[in-house]
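**Q** Structure provided below as structure tokens; questions to follow.
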């Protein structure tokens, strides 16, 4: 197993807003509502989301959309 396989990737808010295509305030509203993954506190002034949790959320959204026929 390579060391890269054990490395967790993080998304900071600016990357996340570009990745998902919504504003930061929308992301924080979803976190508060419980419909988006909670971020991880990396330091007192640094918050990020794990790439794994964001990618799973995106895949779940796509699947739900297809099931709904949208």
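Bear in mind these aren't lab numbers, they're just calculated from the coordinates by the rules spelled out. Everything numeric here is computed off the predicted structure, so don't read it as measured data. Reconstructed Cβ throughout: ideal geometry from the backbone, glycine too, with neighbour counts over all protein chains shown.
**Q** Would you mind ranking 28, 49, 57 so that the residue whose beta carbon has the fewest other beta carbons within 10 Å leads the list?
**A** Fewest to most other Cβ atoms nearby, the residues stand as 28, 57, 49.
**Q** How far, in nm, would the chain grow between residue 47 and residue 8 when pulled straight, counting 0.36 nm per residue and subtracting the alpha carbon separation? Could the numbers behind the result be given before it?
**A** Numbers: separation 39, 0.36 × 39 = 14.04 nm, distance 1.43 nm.
12.6 nm is the gain from fully extending residue 47 to residue 8.
**Q** What does the helix-only formula give at 222 nm for the chain: each DSSP H stretch with n ≥ 4 adding -39500 (n - 2.57), the total divided by the residues, and the result rounded to the nearest 500 deg cm²/dmol?
**A** Calculated at 222 nm, the ellipticity per residue is -16000 deg cm²/dmol.
**Q** Still on this structure: What label, among (1) 18, 13, 12; (2) 48, 25, 9; (3) 23, 18, 10, belongs to semi-axes √(5λ) of the Cα gyration tensor in Å computed from the structure on display?
**A** Matching the structure shown: (3).
**Q** While we're on this one: Starting from the Cα of residue 31, step 7 Å toward the Cβ, then list every residue of region 6-21 with an amide N under 18 Å from that point.
**A** Label zone hits: 9-21.
**Q** Taking Cα pairs under 8 Å and at least six residues apart, what relative contact order does the chain come out at, in percent?
**A** Taking the mean separation of contacting Cα pairs over the length of the chain, I get 31 percent.
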